[in-house]
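Scroll down for the structure; my scribbles are underneath it.
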Amino acid sequence: MKDQKGIVLKKRKGLLIGGTIVVVFFLIWAAQFFWKSDTQNKYSFLHDGLFRVSAHRGARLFAPENTLESIEKAIQYQYGAIEIDPRRSLDGEIYLMHDNDVSRMTDGEGAIEKMHNQEIENLSINVEGYPVYKGEHLKIPTFQSAVKLLAGREMVLNIDCSKGNWKDSAYIDRVVEILNANHMLQWSFFVISDEETRAMVEKRYPNLCISWLFDPKKMSIERYIDSARNVKNPVILSVKDEYADRETLNELLHSGIYFQIYSVTDESRKIELKELGVPMIETDCLLP
């Protein structure tokens, strides 16, 4: 009898341990699932079903790129999103500038990263091609002034991280601080193509919405989609229009992953992508 009772007790103990392990694994899975769902919900644009046209470096049809004027025009013409290029000066202020050298866009020369704030403030933006601004002193805007202009407008902000040192935690912290202060973090995403940098940013800020650039030479769209499903951060896949063939688009449209098609230059192509259900396109030259 004692042996039988011992066997029964061992079985019960085994079932209890096994049940506990199952419950623990379920709770871990559920926590990760609901954590990611909650994070996704903070970025309402990821699931609002709207079609957005993003103004690359602002509405460059009407004003010089990466200026407050180009952002104002993007707002005026009702673009759904805007892309900008932040960089940090010697004094730690963050400005908007696409090029490594300011000579194309201003009356000066050199890199933002090697200039003091006052030097940058004294520069005038080149307004050639924009007669409406002739004689005006357009300035290189700060990142903060650009974000303030967009605050409360429900426009998506695409932050190009190919400029600036995104491995510098102080730089990332300042960008996030500015976005948070203006309630724009939940309307922003960060395009980071370098995998090492992206991993570092994701680790430091696991709630940031990160965009990966699709490169068909590295791996298939199916593998990008699978990888995007297996990270904590909300992910947007960015695909150049020349890579967005029907097969790739079908994979994306059925993936449940938010994505944008960039470098769209043709009006009929914009309409085609909209009709297919693409959530966002980015353009230099098209109206919304």
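Each reported figure results from applying straightforward, stated rules to the coordinates on display, with no laboratory input. What you see is a predicted model, and the numbers here were worked out from it, not measured in a lab. Neighbour counts are summed over all protein chains in view; Cβ atoms, including those assigned to glycine, are modelled from backbone coordinates with ideal geometry.
Magnitude of the Cβ-charge dipole of the stretch 156-288, K/R +1 and D/E -1, about the Cα centre, nearest 20 debye?
On the way: 16 positive and 22 negative charges, 92 e Å.
It comes to approximately 440 debye.
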Could you give the angle, 0 to 90 degrees to the nearest 10, between helix 267-276's Cα long axis and the longest principal axis of the Cα atoms of the chain?
20
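If the viscosity is 0.890 mPa s and the temperature 25 °C, what Stokes-Einstein diffusion coefficient in µm²/s follows for the stretch 186-255 when Rh is the Kirkwood radius over Cα pairs? Don't skip to the answer; put the middle values down first.
On the way: Rh = 12.6 Å.
My calculation gives 194 µm²/s for D.
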Would you compute the Debye intensity of the stretch 147-288 from its alpha-carbon atoms alone, equal scatterers and no solvent, and pass along log10 I(q)/I(0) at q = 0.08, 0.21, 0.22 Å⁻¹ to two decimals?
-0.22, -1.38, -1.45
Antiparallel DSSP bridges in the stretch 43-283: what percent, to the nearest 5?
15
List the relative contact order of the stretch 49-163 as a percent without decimals, with contacts defined as Cα pairs under 8 Å and 6+ residues apart.
28
Taking every alpha carbon pair in the chain, what does the distance histogram look like in 10 angstrom bins from 0, in percent?
6, 25, 31, 19, 8, 4, 3, 2, 1, 0, 0
Mean Cβ-within-10 Å packing, highest first, puts peptides 252-264, 64-76 in the order 64-76, 252-264
To the nearest 20 Debye, how big is the dipole of the chain about its Cα centre, given +1 on the beta carbon of each Lys and Arg and -1 on that of each Asp and Glu?
2220
May I ask you to order 156-165, 200-209 by the average number of other C-beta atoms within 10 Å around their residues, highest value first?
156-165, 200-209
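Only Cα pairs under 8 Å and at least 6 apart count here; give the relative contact order of the chain as a rounded whole percent.
So the answer I get is 18 percent.
Go ahead and estimate [θ] at 222 nm for the chain from helices alone: -39,500 (n - 2.57) per DSSP H run with n ≥ 4, summed, over the residue count, rounded to 500. Mind dumping the intermediate values first?
Working: 9 runs with 114 residues, N = 288.
That calculation yields -12500 deg cm²/dmol at 222 nm.
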